[in-house]
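Novice: Here it is: the structure, laid out below.
The values are calculated or read from the model by the stated rules, or taken from the named source; none is laboratory data. Source: prediction; values computed, not measured. When we count neighbours, we look across all protein chains shown, and the Cβ atoms used for this are built from the backbone with ideal geometry, even at glycine. Surface areas here come from the heavy atoms of the whole protein model, side chains and all, with no ligands, DNA or RNA. Shrake-Rupley method; radii C 1.70, N 1.55, O 1.52, S 1.80 Å.
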Amino acid sequence: MHAQFDMFSEDDADDPKPSGGLSPKRPAGRGLDEAQMVAHLVDTGRYRILQKLEPRRIASVIRPEFPLKGVILDTETTGLSHRKDEIIEIGMIAFTFDADGNIGDVTGIYGGLRQPGVAIPAEITRLTGITDEMVAGQDIDMRAVAALIEPADLIIAHNAGFDRPFCEAFSPIFSNKAWACSNAEVDWSSRGFEGTKLGYLIGQAGFFHDGHRAVDDCFALLEVLDRKTGQDSSPAFAELYRSSQRARVRIFAEHSPFDMKDHLKARGYRWSDGSEGRPKSWWVEVDEPDLENELTYLRSEIYRYDADPPTRHLTAFDRFRA
């Protein structure tokens, strides 16, 4: 009988009918390097291998063919409200890219913890792994933050509608910058993904990482955005960059009939409760060329009279603000 450590021995002569459905022609384990073992398992069609994501290094030489500057940003907070909750961790990766949306070099990394004014809720510790002991006496180095944010042409977050309000409440350095959302502004389904959460995207891309820590999530997002998928085989970041450059219009369907709410919801409208300075109404964002078509829909199908709902024109400098 073979010992446990001899299970992949070259000497299989006395075990011609291996159990478990494994092929008797399996290669010798002792003679395989890591890449060969992975290839062998994948070739069987019975395994999917996830590779640990290795963070990119800061480039020693910055290539001039990537003249634009981006920052991928992620925050961990004590809760969901930027008005009463606080940032407890921020992570950022600065990188270069070109006008076609091709990613170049990593040029800077920063991650910092911060002690909030209240105890970190147990649920936040469970999600992030960040404890009161870890943040005790810690603060974010704003000089390091400014060194990455000030020259940035675009700030990217996977949930910019969450991260931007927290960042702007924390420091004015994040205001008056162009922001993009890799969740809302990339058509992940057309790229073969079945979900938009970062953990799912990175897993389906063939990687795993230490999630829910800010810098780790930034590196994960960088790899997903740099993957060339989709019909045009362009990186997801190229789609994101193009989307961020398009002007959009937010339409507020104020005073729309109550019995039309299901029609609006089905069309992609979302409800605003009147907080954050927005009208209390259903609202939607459309590309600027689609504005008149959407107004025509509202007037003919929802209001059924010549209504003039409020609109707000948005660019990357305005979108995702509170």
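Novice: Scan segment 305-322 and report the pairs whose first residue is closer than 14 Å to PRO257 by Cα and of a type outside the set (Ser, Thr, Tyr) and whose second residue is open to solvent by 60 Å² or more (accessible area, probe 1.4 Å) and assigned to a loop (DSSP other than H, G, I, E, B), with Cβ atoms within less than 9 Å and a gap of 6+ or a chain change.
Specialist: ALA307/HIS255; PRO309/HIS255
Novice: Which numbered condition trips up VAL61, out of (1) among the β-branched types (Val, Ile, Thr); (2) surrounded by fewer than 16 Cβ atoms within 10 Å (Cβ to Cβ); (3) at pLDDT below 95?
Specialist: So VAL61 meets the others, but not (3).
Novice: Anything in segment 78-94 that is open to solvent by less than 10 Å² (accessible area, probe 1.4 Å) and within 17 Å of the chain's Cα centre (by Cα)? List them, or say none.
Specialist: ILE90, GLY91, MET92, ILE93, ALA94
Novice: A further question follows. Of the conditions (1) open to solvent by 20 Å² or more (accessible area, probe 1.4 Å); (2) at pLDDT 95 or above, GLY129 satisfies every one except a single condition; which number is it?
Specialist: Only one criterion is unmet by GLY129, namely (2).
Novice: So, one more: Say we look at segment 292-316 and pick out the residues that are surrounded by 15 or more Cβ atoms within 10 Å (Cβ to Cβ) and within 31 Å of the chain's Cα centre (by Cα); which of these is nearest to SER272 (Cα to Cα)?
Specialist: THR311
Novice: Being among the hydrophobic types (A, V, I, L, M, F, W, C), loosely packed, with under 10 Cβ neighbours inside 10 Å and part of a strand (DSSP E or B) is the filter here; which residues of segment 246-277 pass it?
Specialist: none
Novice: Restricting attention to segment 189-216, and to residues there that are modelled with pLDDT under 90 and touching an Asp or Glu at 6+ places or on another chain (Cβ under 6 Å), which single residue is most open to solvent (accessible area, probe 1.4 Å)?
Specialist: My answer is ASP210.
Novice: What's the total number of residues in segment 95-126 that are crowded, with 17+ Cβ neighbours inside 10 Å and acidic (Asp, Glu)?
Specialist: 1
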